[in-house]
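To keep things clear, I will list the structure first and then write my remarks on it.
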Amino acid sequence: MEEQVKKPTEQKLKPKLFSVIKNYSKEQFIKDIISGIIVAIIALPLSIALALASGVNPEQGLYTAIVAGFIVSFLGGSRVQIAGPTAAFATIVAGIVASEGMDGLVLSTIMAGIIMLIMGFCRFGALIKYIPGTITTGFTFGIAVTILVGQIKDFLGLTFSSSPIETVDKIKEIFLSLGTFNPQAFLVGIVSLGILIFWPKKLEKIPASLIAVIVGSLMVGLLKLDVNTIGKLYTVSAGLPPFTVPSVSFARVKALLPNAFTIAILAAVESLLSCVVADGMIGSKHRSNMELVAQGAANIGSALFGGIPATGAIARTAANVKNGGRTPIAGMVHSVVVLIILCLLMDKASLIPMPTIAAILFMVAYNMCGWRNIRNTIKTAPKSDIAVLFVTLILTVVFDLVVAIGVGLVLAALLFMKRMADVTEAHAWVDIDDEETDPDNILLKKIPPNTRVYEINGPMFFAASDKYKYVLDDKNIDVLCIRMRNVPAIDATGVEALNRIVKRCEKHNVKVIFSHVNEQPMHAMEKAGFIEKIGKENFCDHIDSALARAEQIEASIKAS
């Protein structure tokens, strides 16, 4: 009964805002405003840093925080989710911009948003949990490595002779450019990194990234250091996000579809993971399908207003919870505050040193890498899981996320099927006198002399088909009883295997009885015509009735 109550709530396509606003209080409104302002201050340098790591202009990260952040809070299925640009997309976005241009990124993001809308309306929210944790751990660590490698240039103040895109090429260029090392840039980077590491241990309420930005900017400005700033490398635009419509053609859509699916799957996984973390922090229950709809709408909105792909940001969501935010109003306030800063104070962002941005992204990479998860996986997981993790990690770094997730999923699926096949087996039993405590143990049953009982354990699917192909090796019998109490599921290959067994039995005049067929296998066998072929009376709900039916068949054979 409890499950029946929970299920409709989980599937409800209704934004959390509309549910929590009914009992909204003035006290909570004040807490939400304070939390929204603090989260906006945290999001400001992060959004700029992640935009630069993604190969786009700094203000585009802010457009994403404003538009996507507001839409997710307004339509989302979580009370406290904060959305915006995240590190998971940095390498994907940079690759798309380099190969397809900004127009290609806009179209890819809109397509990804449409895919997420479809996923939400089709109630796919619960299916995300079937992506193995080893894959998410692997590509998350791989993304962290690519972000870290991408920021070494600015942290050390290096001057590259080319503009490499791939991580391996960046590593090569770093070594070739060590002669251009800038000690002043390195000093600013070290000071910024020290603030980011040690400041939260003393004054957690004031965001360390904001202090690092202020101190780094003052160092460069007051000491007249020869260090690149955002203003030296980029044109910073203030004002409202501009409306952008990409050029669309069938060929363009077809070419960008793989990128769109990658963005959609990654955004869905990261957003729902963030929701789960937030649920644990506030004791709530998010609506996964509504969250997917909101993320889809947010990505479409972000792309149309000059932003980049967005998703739920775990760090900013946690900061929202810690500072008292308990409703989507806090996320909406966060977006409005970022918009005000963009319109009134964006000229100050041009003074932020690039080594400080690099230091912020170093910390982002460290916080997202999940090295403890990898350590625990290596210690406790089977070798197959470890293999999936490291294959996904290496492919993310060496190639890209599309290849890594695709290969990781295929490898994980193959290994899962092998595991299932390994636990599937078929045993033959004869009349043996043995003492067992299980009253349904076949060893305690009286099996008729010309009857053979086979018990199949585990799912009957294509990868395990060789486990029961020998079921009718003994043809000198009258009755074959197939016991299926431990078969939870069967696929088309399993049904075909049973069909071949039945045909062989017919050929050798052996009658077939099925015992304790579970719901899903029974439904599949009904569709395949087993009821008409074998007879309803030969489907028994228990081994006792199956053996009694076998005695009847043997008696009728003797009588004839």
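Brief remarks on what is shown
- Residue that is surrounded by the fewest Cβ atoms within 10 Å (Cβ to Cβ), among those in the stretch 210-239 that are among the polar types (S, T, N, Q) and in a loop (DSSP other than H, G, I, E, B): THR235
- When GLY324, GLY331 are checked against the criterion of being surrounded by fewer than 24 Cβ atoms within 10 Å (Cβ to Cβ) and closer than 22 Å to LEU75 by Cα, GLY324 stands alone in meeting it.
Let's see how each residue does on (1) in the same structural domain as GLY324 (by TED's automatic domain parsing); (2) assigned to a helix (DSSP H, G or I):
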{"position": "LEU13", "(1), (2)": "no, no"}
{"position": "ILE21", "(1), (2)": "no, yes"}
{"position": "ILE30", "(1), (2)": "yes, yes"}
{"position": "GLU59", "(1), (2)": "yes, yes"}
{"position": "VAL67", "(1), (2)": "yes, yes"}
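- Meets criteria (assigned to a helix (DSSP H, G or I) and modelled with pLDDT under 90) for LEU187: no
- Within the stretch 509-536, being under 20 Å from ARG549 (Cα atoms) and surrounded by fewer than 12 Cβ atoms within 10 Å (Cβ to Cβ) holds for ASN509, GLU532, LYS536.
- A count restricted to the stretch 286-309 and to residues that are more than 11 Å from MET116 (Cβ to Cβ) and under 18 Å from the mean Cα position of the chain (by Cα) stands at 4.
- Leading residue by the ranking (modelled with the lowest pLDDT) among those in the stretch 319-336 that are closer than 15 Å to LYS31 by Cα and β-branched (Val, Ile, Thr): VAL321
- Applying the set (1) free of Cβ contacts under 8 Å to residues at least 60 places away in the same chain; (2) among the polar types (S, T, N, Q); (3) within 24 Å of PHE160 (Cβ to Cβ); (4) loosely packed, with under 14 Cβ neighbours inside 10 Å to SER249 leaves exactly one unmet item: (3).
- For the stretch 69-92, a tally of residues being under 19 Å from the mean Cα position of the chain (by Cα) and either part of a loop (DSSP other than H, G, I, E, B) or hydroxyl-bearing (Ser, Thr, Tyr) (or both) returns 8.
- If the condition is being part of a loop (DSSP other than H, G, I, E, B) and under 27 Å from the mean Cα position of the chain (by Cα), then the stretch 324-352 contributes GLY325, ARG326, THR327.
- Per-region count, the stretch 273-294, residues surrounded by fewer than 24 Cβ atoms within 10 Å (Cβ to Cβ), outside any loop (DSSP other than H, G, I, E, B) and modelled with pLDDT under 90: 8
- Checked across the stretch 240-248, the condition of being outside the structural domain of ALA88 (by TED's automatic domain parsing), in contact with a Cys (Cβ under 9 Å, 6 or more places away or on another chain), in a loop (DSSP other than H, G, I, E, B) and farther than 30 Å from THR134 by Cβ holds for at least one residue.
- Scope the stretch 123-165; condition farther than 25 Å from ALA412 by Cα and either in the same structural domain as THR64 (by TED's automatic domain parsing) or assigned to a helix (DSSP H, G or I) (or both); matching residues: ILE147, LEU148, VAL149, GLY150, GLN151, ILE152, LYS153, ASP154, PHE155, LEU156
- Of the residues making up the stretch 47-57, those that are outside any helix (DSSP H, G or I) and touching a residue at least 60 places away in the same chain (Cβ under 8 Å) number 3.
- Annotation: of all residues in the stretch 377-401 being farther than 28 Å from LEU50 by Cβ and exposed (fewer than 15 other Cβ atoms within 10 Å of the Cβ), the one that is modelled with the lowest pLDDT is THR380.
- So THR317, is it buried (at least 21 other Cβ atoms within 10 Å of the Cβ), more than 21 Å from SER47 (Cβ to Cβ) and assigned by TED's automatic domain parsing to the domain that holds SER108: no
- Remark: ASP541 matches the filter, which requires a residue to be surrounded by fewer than 16 Cβ atoms within 10 Å (Cβ to Cβ), within 19 Å of ASN457 (Cα to Cα) and out of contact with any Ser or Thr (no Cβ under 6 Å at 6 or more places or on another chain).
- Residue that is modelled with the lowest pLDDT, among those in the stretch 166-177 that are in a helix (DSSP H, G or I) and closer than 18 Å to MET354 by Cα: LYS170
- Complete set of residues in the stretch 196-209 that are surrounded by fewer than 20 Cβ atoms within 10 Å (Cβ to Cβ) and part of a loop (DSSP other than H, G, I, E, B): LEU203, GLU204, LYS205, ILE206
The values are calculated or read from the model by the stated rules, or taken from the named source; none is laboratory data. Everything numeric here is computed off the predicted structure, so don't read it as measured data. Cβ coordinates were reconstructed from backbone atoms using ideal geometry, including for glycine residues, and neighbour counts include every protein chain displayed.
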